[in-house]
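Notes to accompany the following structure.
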Amino acid sequence: MESLFYTEANRAQEQGRDAKVEGGQDDLAKAASDSIDQIKTLAGQATTLYKSAGGDVASIRSELEAIDEQRQEVMRGFLRQAKSVRGW
């Protein structure tokens with residue numbers, strides 16, 4: 001799923017840049033950027049959590065799993081939107 005997410009997000013962003021050049025706006029490109037920003041934020045939270053635990057993953061496993069679930073939901077949400085727009 002992660003590979004598909006990044007492939008489609010990159011594709012949407014490229015199409016969004018093309019749309020801006022042509023004077024339009026691509027909502028899917030904005031959704032891709034927003035999703036990537038959310039994933040970066042979640043990655044930052046995981047890193048901060050890991051550092052605060054002194055690298056003891058076992059003590060923060062449930063929090064890391066919750067962050068991973070949120071990350072996956074962000075990806076699924078974007079892919080649902082891409083499916084709707086592109087008519088897969």
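Quick note: the coordinates plus some simple rules give every number you see, no bench work behind them. Since the model is a prediction, treat every value here as computed from it, not as a measurement. Cβ: placed from backbone, ideal geometry, glycine included. Neighbour counts: every protein chain shown.
Brief remarks follow.
- Residues in region 32-88 that are surrounded by fewer than 14 Cβ atoms within 10 Å (Cβ to Cβ), more than 17 Å from residue 2 (Cα to Cα) and of a type in the set (D, E, K, R): 51, 56, 61, 86.
Okay, residues lined up against (1) touching a helix residue (DSSP H, G or I) at 6+ places or on another chain (Cβ under 8 Å); (2) without any contact (Cβ under 8 Å) to a residue 40 or more places away in the chain; (3) assigned to a loop (DSSP other than H, G, I, E, B):
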{"site": "4", "(1), (2), (3)": "yes, no, no"}
{"site": "28", "(1), (2), (3)": "yes, no, no"}
{"site": "48", "(1), (2), (3)": "no, yes, no"}
{"site": "60", "(1), (2), (3)": "yes, yes, no"}
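- Of all residues in region 43-78, those that are under 26 Å from residue 9 (Cβ atoms) and of a type in the set (S, T, N, Q) total 5.
- Among the residues of region 39-71, those that are touching a Phe, Trp or Tyr at 6+ places or on another chain (Cβ under 9 Å) and of a type outside the set (Asp, Glu) comprise 39, 57, 60, 64.
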